[in-house]
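Following: one structure in structure tokens, then a few remarks.
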Amino acid sequence: MNVELLHKVLKITYPIANFVFDSLYCVFNGPTKPLPAIDNKILLMSATELAEKIRKQEIKCKDVMRAYVKRSQLVNPYINAVTDSRYVDALQDAIAVDRFLESGAKTKDQIAEETPLLGVPFTCKEVLGIKGILFLRFIILFSCRTGFGY
């Protein structure tokens, strides 16, 4: 089968299959529930805006982390996105970032150049190896491992 034909077949069948599976999901699981409203303005800031405010110490990194952890814990029952977490470690890292910024060891310009997103929370798929977090490796068979470092 040539690639162009396969592409055309998939272009037609994928939307149909998607509709069928979405419909079946709704029949068996009911309608989706809306997520709780966002109650913290920090969650509405862009990553670059957060990074700048953290660098300038206009907002504490630990406050940003607390807001994101709270939101993650609040919405995860709805979206089932977090398979493993490091909330306690993340808060400790945020406190360390605040201390680093207070120390004045580097200028705001140096931090912006070297670590532009310092202190900004993020989530990632389990295919990345992060210290203390389970991740998947694709060697022979799927196998779960714990990350060794950052």
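The values are calculated or read from the model by the stated rules, or taken from the named source; none is laboratory data. Worth saying up front: this structure is predicted, and the values here are computed from it rather than measured. Neighbour counts are summed over all protein chains in view; Cβ atoms, including those assigned to glycine, are modelled from backbone coordinates with ideal geometry.
Quick look at the values:
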{"read-out": "Residue match in region 82-101 (condition: part of a helix (DSSP H, G or I), loosely packed, with under 12 Cβ neighbours inside 10 Å, β-branched (Val, Ile, Thr) and at pLDDT below 90)", "value": "no"}
{"read-out": "Residues (among the polar types (S, T, N, Q) and either farther than 30 Å from residue 108 by Cβ or in contact with a Pro (Cβ under 6 Å, 6 or more places away or on another chain) (or both)) located in region 1-54", "value": "2, 13, 18, 23, 29, 32"}
{"read-out": "Residues (part of a helix (DSSP H, G or I), surrounded by 12 or more Cβ atoms within 10 Å (Cβ to Cβ) and without any contact (Cβ under 8 Å) to a residue 40 or more places away in the chain) located in region 22-47", "value": "42, 43"}
{"read-out": "Residue among 114, 58, 102, 126 that alone is charged (D, E, K, R) and under 30 Å from residue 22 (Cβ atoms)", "value": "126"}
{"read-out": "Yes/no for residue 76 being under 15 Å from the mean Cα position of the chain (by Cα), without any contact (Cβ under 8 Å) to a residue 12 or more places away in the chain and surrounded by 13 or more Cβ atoms within 10 Å (Cβ to Cβ)", "value": "yes"}
{"read-out": "Region 108-138, residues that are modelled with pLDDT under 95 and either loosely packed, with under 11 Cβ neighbours inside 10 Å or among the aliphatic types (A, V, I, L, M) (or both)", "value": "122, 123, 124, 125, 127, 128, 130, 133, 134, 136, 138"}
{"read-out": "From 62, 53, residue being basic (Lys, Arg), out of contact with any Phe, Trp or Tyr (no Cβ under 6 Å at 6 or more places or on another chain) and either surrounded by fewer than 16 Cβ atoms within 10 Å (Cβ to Cβ) or in contact (Cβ under 8 Å) with a residue 12 or more places away in the chain (or both)", "value": "62"}
